[in-house]
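Have a look at the structure that comes next, please.
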Amino acid sequence: MSTVKKKHPLRRMVLCTAATVSGIVLMLALKQPAPGTAAATAPVQVGAVAGSPTASAAATGSAAASAGSVQGSASASAPASAPSAAKSSAPAAANVTRSVTGDTAQTQYGPVQVEITMTGTKITAATALQHPTGGQSDQINANAVPKLNQEAVTAQSASIDAVSGASYTSAGYKQSLQSALDKAGV
Amino acid sequence: MSEESTTRLRHVEDAMGTVFSFDVRGPEAGTPRSRAALEAAVASLHRADEVFSAYRGDSQLSRLVRGDLGLADCDPEVREVLALCDDAERLTDGWFSARYAGPLDPTGLVKGWAVERAARMMASAGADAVCLNGGGDIQLLGGPWRVGIAHPLRPGELATVVEAASGELAIATSGPAERGCHILDPRTGMPPESALASITVVSRSLTDADTWATAAFAMGDRARDWLERLPGAEAFAVTADGATWQTTGFGS
């Protein structure tokens, strides 16, 4: 291959990383909109956000400033009753709390269904409504369910708009993070 | 199903065997013009399926492959897509090919191409910001947007988050099931075992990012050098053992 040094037509991209297990934030500020695209807003320089901490005790507490005190609530929530899936088409008012129920996902341990609690536009808790019970799956799931809660919350506490991943089919979509974001509808 | 406010239009559509998630923002997002653009964009996805589906015997592509239809009698978009496949094959040194399994199959390019086309339709109707996710591959126009990259080894987790402030950005992530890799390991008859669990390519156009991510995944260990030299692309990868790497311009 040629040894010509790589050109950087994307040289205007400004990228920052902060490495953690579950969140590395990159900032891409493309200063020039291409012709024909939507009117560009002024580039928004978001302050560097350290990745969302995992459930590990070693995680620092200063990260995920925009998410508030998300971690503490995840393990404390425990609704056993049927969810109220309130889905509104109006923008959510701040501090209004509502619940959204995700589709049931078939995991290797059995069906799992997650209910997400939102306060305003932030997911503040995620709880498994259905999870496999009985036998070995109980033991496996004792670890799996809290992690699922933390991960679902962690993904949303990064305040993401969409998720890119290896191609999913319509069936695979139902178990995807993108489907949870679409369902939350904000 | 669609959800609208006056400044935001969201829609989820089943098409091409996958799901397309539209997210459109701007003061015009709730207007009839914007909704009409959404209908047209959705129709364009179904149209792409009708024309290019390798699973439908009556698609123009299937008929073309069988010899029942000449290229000159196909819609112009067929010639456009096949020309883009040729470009992609050249740029990827053959690691992406529309002939990866023998008969012509451009579907590895069609999805990204269709997403980009539909997203630009929404932008041209006056949206400030468009995010269209077609089965995991995303075209962004305007912004700001924050896009998580799904961790290939830890379901439910993100490996990284990409932020786009404005302009155009495409994000395509490839894993083991991508279509378009024709390089088969002669020992197994399958694509080469890759050291990569997933690779994400970022560029301006999803048509490019999609094929480059497919090619890069197939390349395995060669991908990093290739992507480092490829103009207009940056990349982030998760290896099979959970480590990550990225091209020089992807992080600082």
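Any read-out appearing in this document is the output of simple, stated calculations on the displayed coordinates, not a laboratory observation. Given the structure is predicted, the values throughout are model-derived calculations rather than measurements. Cβ: placed from backbone, ideal geometry, glycine included. Neighbour counts: every protein chain shown.
Length gain on complete extension for the stretch B:ARG229 to B:THR31, per 0.36 nm per residue less the alpha carbon to alpha carbon distance? Could the numbers behind the result be given before it?
Values: separation 198, 0.36 × 198 = 71.28 nm, distance 4.37 nm.
This chain segment gains 66.9 nm when fully extended.
Rounded to whole Hz and in sequence order, give me ³J(HN,Hα) for region B:58-66 from the Karplus expression 6.51 cos²θ - 1.76 cosθ + 1.60, θ = phi - 60°, writing x for Gly and Pro.
Values per residue, Gly and Pro as x: 9, 5, 4, 4, 4, 5, 4, 5, 6 Hz.
Okay, which of region B:24-68 sit inside 18 Å, backbone N to the point 7 Å along the Cα-Cβ direction of B:ALA101?
B:49-67
Shielding of B:17-30 by partners, i.e. mean partner chain Cβ atoms within 10 Å per residue? Before the final figure, lay out the partial values.
On the way: counts 5, 7, 11, 1, 9, 1, 4, 1, 3, 3, 0, 1, 0, 0.
Partner Cβ neighbours, averaged per residue: 3.
Given points 7 Å out from each Cα along the Cα-Cβ axis, report the B:ARG56 to A:ALA171 separation in nanometres with one decimal.
It is 2.1 nm.
Would you kindly derive the ³J(HN,Hα) couplings of region B:136-149 from the backbone phi angles with the Karplus curve 6.51 cos²θ - 1.76 cosθ + 1.60 (θ = phi - 60°), listing them in order in whole Hz, with x for Gly and Pro?
Once rounded to whole Hz, the list reads x, 9, 10, 10, 10, 10, x, x, x, 9, 10, 10, x, 9.
To the nearest 20 debye, what charge dipole does chain B have about its Cα centre, counting +1 at the Cβ of each Lys and Arg and -1 at the Cβ of each Asp and Glu? Please list the in-between numbers first.
Numbers: 23 positive and 36 negative charges, 28 e Å.
It comes to approximately 140 debye.
Another question about this same structure. Calculate the mean, over all residues of peptide B:133-141, of how many other protein chain Cβ atoms lie within 10 angstrom of the residue's Cβ.
On the way: counts 11, 1, 11, 11, 4, 6, 0, 5, 6.
The shielding value for this peptide is 6.
Going by how many other Cβ atoms sit within 10 Å of their own, how do B:VAL115, B:VAL42 line up, fewest first? Can you show the working numbers first?
On the way: B:VAL115 28, B:VAL42 18.
Ascending Cβ contact count within 10 Å gives the list B:VAL42, B:VAL115.
Please list, in order, the residues from region B:220-234 whose amide nitrogen is less than 19 Å from a point placed 7 Å along the Cα→Cβ vector of B:ALA240.
B:220-225
Assuming R0 = 30 Å, can you tell me the calculated FRET efficiency for the pair B:THR6 and B:HIS46, based on Cβ-Cβ distance, to the nearest 0.05?
On the way: r = 28 Å, r/R0 = 0.92.
Efficiency, from the Cβ-Cβ distance: 0.60.
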